[in-house]
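Heads up: the structure comes next, in structure tokens.
The values are calculated or read from the model by the stated rules, or taken from the named source; none is laboratory data. Predicted model, so just to flag it, every value in this text is computed and none were measured. Here the Cβ positions follow ideal geometry from the backbone for every residue, glycine too, while neighbour counts run over all protein chains shown. Protein only, heavy atoms only, side chains kept; ligands, DNA and RNA dropped before computing areas. Shrake-Rupley method; radii C 1.70, N 1.55, O 1.52, S 1.80 Å.
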Amino acid sequence: MHSTATALTLRPGAINGDSMFHRLSFASAVLIFLVLIGIILSLIDGGWLALAKFGPGFIFSNTWDPVGGEFGAAAAIYGTMVSSLIAIVIAIPVGLGTAIFLAELAPEWISKPVGMAIELLAAVPSIIYGMWGLFVFAPWFSEGFQFWALENLVNIPLIGPWFDGPPIGIGLLTAGIILSFMILPIITALTRDALKTVPNVVREAAYGIGATPYEVITRVLLPTIKNAAVGAGILGLGRALGETMAVAFVIGGANRIETSLFMPASSISSTIAQQFNEATNELHIASLISLGLVLFILTFVVMGAARILLRKR
Amino acid sequence: MSLRKLKNRAFIGFCILSALFGLVVLSSVLYSLVGKGIAGMGLPVFTELTPGPGSHGGLKNAIVGSLMLTTLGIVIATPLGILAGTWLSESNQSSKAAEMLRFLNGMLMSAPSILIGLFVYKIVVVTTGSFSGWAGATALAILALPIIVSTTEEMLRLVPTTLKEAGSGLGAPRWQVITKLCYRAAGPGIITGVLLAMARITGETAPLLFTALNSNYMTTDMSQPMANLPVTIYQYAMSPYESWNELAWAGALLITTFILIINILATVLPRWLKARKAAK
């Protein structure tokens with residue numbers, strides 16, 4: 001841009017328009033940078049009171065007591081991480097399966113409308129998932145899965161305690177499942193697009209030596225798109241970490257760390273959404289903003305990793 | 001049947017089930033939206049104000065507020081986004097500054113929307129001393145901005161170099177080549193980006209919670225707390241009152257329908273524009 005601008009100085013009268021346009025567009029581009037820096041600075045500034053008072057202990061402490069003025073982020077961080085992990089544990093295999101179905105197995109007249117429907121899932125706003133999760137999914141989940149799990153899964157060693165809790169429909173597991181529905185479209189779309197970039201000769205060569213679709217896909221295609229698939233998974237994880245409204249509806253809002261996934265819990269974003277407008281003392285507000293800072297760092301690291309992986313394809 | 005074939009069958013079965021899984025979720029969401037939404041729908045939804053606890057009313061102020069906030073958000077974000085996208089597409093592809101801004105734009109796009117809300121709370125609400133429509137629109141604009149930036153850049157990069165060279169060859173200054181040639185060629189794609197950004201911010205709730213807040217009054221004064229659909233839906237859905245729950249579902253149906261229409265427009269409109277251009 002600079003070089004062309006100087007070349008054009010040969011034309012009198014055109015200089016002003018060009019340099020003005022260049023400055024305007026450059027200023028707009030810099031605005032992105034400023035907004036991002038502004039977000040970081042305002043989170044640090046707003047949370048300073050809590051960060052200075054509690055120090056690094058803020059991250060490790062499990063107390064959240066607005067009345068007593070003691071705040072620690074551990075339970076919210078735990079809820080955010082566990083619900084997001086549940087989400088990708090479900091969404092990665094299902095998303096991969098769907099992508100393989102759409103790109104490799106289904107004929108065009110099926111894959112096109114089905115692909116569009118899956119993309120439609122991404123257009124549904126978060127708050128709708130929250131309502132649906134609370135009013136439709138939670139009652140069904142309570143009757144259809146939790147009661148059954150209480151009878152059949154609780155005695156399994158190791159994973160049994162996860163399912164030992166009140167079958168009330170909402171809680172950490174429900175939040176994770178709802179999140180998985182929300183990140184399914186992005187994982188599906190990214191891996192499907194990656195599969196489509198694999199040249200056909202690769203498939204033909206593999207089928208030519210007598211491999212079954214299963215073998216072609218798992219031993220040839222998936223290794224080829226490995227980076228993109230991992231990137232898609234991490235991107236999904238990043239989305240899940242910051243998701244607010246859907247989680248606020250179904251996670252239950254209890255500030256505890258429990259082994260049982262049926263128990264109500266809280267996440268960083270849902271805690272901010274539920275308490276910010278009710279917080280009256282400054283330390284409470286500062287603690288909520290510090291929570292926001294923790295969330296920002298978490299998503300920044302995860303999303304940065306995803307972007308680097310996806311670029312290296 | 002050999003083990004290989006068995007594995008193959010199981011694998012294909014899993015893939016089909018996965019695809020069905022998404023379809024079942026989507027149908028269930030749409031089914032409950034339409035079912036419960038229509039139950040609460042009716043003329044009063046559009047003509048009456050949001051009611052007090054437990055009583056009946058409509059969503060008129062929330063609908064008007066949402067339309068204003070979304071429109072203003074897009075009006076702020078579109079010129080800035082297009083200009084920034086232009087700068088990125090015009091800059092040297094391997095330039096460090098452009099590379100960095102592209103990365104930061106991606107990070108802004110994936111920043112949790114509730115943090116945008118906190119940011120705007122700090123810089124607008126705390127500074128001006130009150131929750132306001134302006135604050136809400138600013139938050140929505142920040143959400144829309146990175147989407148518009150990245151689609152504009154992508155679309156401008158698709159404009160053939162020969163077109164730009166032809167323009168420059170005629171003696172047009174660079175900025176006219178961009179505004180009169182490139183924007184026209186890339187126009188339909190950029191419009192898609194703007195519409196998608198609009199669809200995205202229409203349903204956003206978290207960034208409005210501490211910026212526009214909500215209100216039970218009909219107001220078009222942007223310096224006041226402003227009623228809006230997403231926050232109203234949140235409050236009404238979480239409440240124990242049946243009449244509020246019904247209104248929340250009606251609002252949810254409205255907002256989802258609106259978003260779907262914009263999404264369809266985003267795919268149809270550019271095609272129509274291109275066809276019209278070709279016919280000329």
### Query
Checking B:Asn8 against (1) assigned to a helix (DSSP H, G or I); (2) over 30 Å from A:Gly210 (Cβ atoms), which test does it fail?
(2)
### Query
Taking the stated definitions as given, is B:Arg184 surrounded by fewer than 19 Cβ atoms within 10 Å (Cβ to Cβ), more than 9 Å from every other protein chain (Cβ to nearest Cβ), farther than 21 Å from B:Asn228 by Cα and in contact with a helix residue (DSSP H, G or I) (Cβ under 7 Å, 6 or more places away or on another chain)?
no
### Task
Residue by residue through segment A:151-192, note down the ones that are within 14 Å of chain B (Cβ to nearest Cβ), more than 19 Å from A:Ile86 (Cα to Cα) and open to solvent by 20 Å² or more (accessible area, probe 1.4 Å).
A:Ala189, A:Leu190, A:Arg192
### Query
Checking B:Gly85 against (1) in contact (Cβ under 8 Å) with a residue 60 or more places away in the chain; (2) open to solvent by 50 Å² or more (accessible area, probe 1.4 Å); (3) within 14 Å of chain A (Cβ to nearest Cβ), which test does it fail?
(2)
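Take the residues in segment B:223-269 that are outside any loop (DSSP other than H, G, I, E, B) and among the small types (Gly, Ala, Ser); name whichever of them is farthest from B:Pro53 (Cα to Cα).
Our first condition is that a residue be outside any loop (DSSP other than H, G, I, E, B); within segment B:223-269, this holds for B:229-238, B:242-269.
Within this subset, residues satisfying the condition of being among the small types (Gly, Ala, Ser) are B:237, B:243, B:248, B:250-252, B:266.
Values: B:Ala237: 12, B:Ser243: 9, B:Ala248: 13, B:Ala250: 17, B:Gly251: 17, B:Ala252: 19, B:Ala266: 38 Å.
Among those that are outside any loop (DSSP other than H, G, I, E, B) and among the small types (Gly, Ala, Ser), it is B:Ala266.
With the structure loaded, tell me whether B:Leu23 is out of contact with any Gly (no Cβ under 9 Å at 6 or more places or on another chain) and surrounded by fewer than 20 Cβ atoms within 10 Å (Cβ to Cβ) or whether it fails that test. I'd like the intermediate steps shown before the answer.
Numbers: out of contact with any Gly (no Cβ under 9 Å at 6 or more places or on another chain): yes; surrounded by fewer than 20 Cβ atoms within 10 Å (Cβ to Cβ): yes.
Against the criterion (out of contact with any Gly (no Cβ under 9 Å at 6 or more places or on another chain) and surrounded by fewer than 20 Cβ atoms within 10 Å (Cβ to Cβ)), B:Leu23 qualifies.
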### Which numbered condition A:Phe181 misses (of (1) in a helix (DSSP H, G or I); (2) within 17 Å of A:Leu105 (Cβ to Cβ); (3) not polar (S, T, N, Q))
(2)
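Looking at segment B:13-59, which of its residues are more than 8 Å from chain A (Cβ to nearest Cβ) and hydrophobic (A, V, I, L, M, F, W, C)?
Initial filter on segment B:13-59 (more than 8 Å from chain A (Cβ to nearest Cβ)): B:13, B:20, B:24, B:27, B:30-31, B:34-35, B:37-59.
Of everything in segment B:13-59, those that are more than 8 Å from chain A (Cβ to nearest Cβ) and hydrophobic (A, V, I, L, M, F, W, C) turn out to be B:Leu20, B:Val24, B:Leu30, B:Val34, B:Ile38, B:Ala39, B:Met41, B:Leu43, B:Val45, B:Phe46, B:Leu49, B:Leu59.
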### Query
Of the conditions (1) in contact with a Ser or Thr (Cβ under 8 Å, 6 or more places away or on another chain); (2) surrounded by 22 or more Cβ atoms within 10 Å (Cβ to Cβ); (3) not charged (D, E, K, R), A:Ala254 fails just one. Which one is it?
(2)
### Task
Kindly provide the set of residues from segment B:189-222 that are over 18 Å from the mean Cα position of the chain (by Cα) and either in a helix (DSSP H, G or I) or within 18 Å of B:Leu118 (Cα to Cα) (or both), ordered by number.
B:Phe210, B:Leu213, B:Asn214
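Quick grid of which residues meet (1) open to solvent by less than 10 Å² (accessible area, probe 1.4 Å); (2) more than 19 Å from A:Phe276 (Cβ to Cβ); (3) touching a His at 6+ places or on another chain (Cβ under 6 Å):
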site: B:Ile116; (1), (2), (3): yes, no, no
site: B:Lys122; (1), (2), (3): no, no, no
site: B:Gly129; (1), (2), (3): no, no, no
site: B:Thr151; (1), (2), (3): no, yes, no
site: B:Gly171; (1), (2), (3): no, yes, no
site: B:Met218; (1), (2), (3): no, yes, no
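Results for (1) surrounded by fewer than 18 Cβ atoms within 10 Å (Cβ to Cβ); (2) among the polar types (S, T, N, Q); (3) in contact with a Leu (Cβ under 7 Å, 6 or more places away or on another chain); (4) in the same structural domain as A:Leu172 (by TED's automatic domain parsing), shown as yes or no for each residue.
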| position | (1), (2), (3), (4) |
| --- | --- |
| A:Ala240 | no, no, yes, yes |
| A:Phe249 | no, no, yes, yes |
| A:Phe262 | no, no, yes, yes |
| A:Ile272 | no, no, yes, yes |
| A:Asn281 | yes, yes, no, yes |
| A:Ala286 | no, no, yes, yes |
| A:Ser290 | no, yes, yes, yes |
| A:Leu293 | no, no, yes, yes |
### Query
Which residues, taken from segment B:138-164, are within 12 Å of another protein chain (Cβ to nearest Cβ) and over 27 Å from the mean Cα position of the chain (by Cα)?
B:Lys164
### Task
Could you grab me the full set of residues in segment B:242-263 that are surrounded by fewer than 15 Cβ atoms within 10 Å (Cβ to Cβ) and at pLDDT 90 or above?
B:Thr257, B:Ile261
## Note on the structure
For segment A:25-76, the count of residues that are more than 30 Å from B:Phe103 (Cα to Cα), open to solvent by 50 Å² or more (accessible area, probe 1.4 Å) and aromatic (Phe, Trp, Tyr) equals 1
#### Entry: Selection within segment A:212-231 - part of a loop (DSSP other than H, G, I, E, B) and within 16 Å of A:Gly95 (Cα to Cα)
A:Ile225
### Task
Could you please find all residues in segment B:112-163 being under 15 Å from B:Leu209 (Cβ atoms) and among the basic types (Lys, Arg)?
B:Lys122
#### Entry: Top-ranked residue of segment A:105-119 - restricted to ones that are assigned to a helix (DSSP H, G or I) and within 8 Å of chain B (Cβ to nearest Cβ), ranked as most open to solvent (accessible area, probe 1.4 Å)
A:Leu105
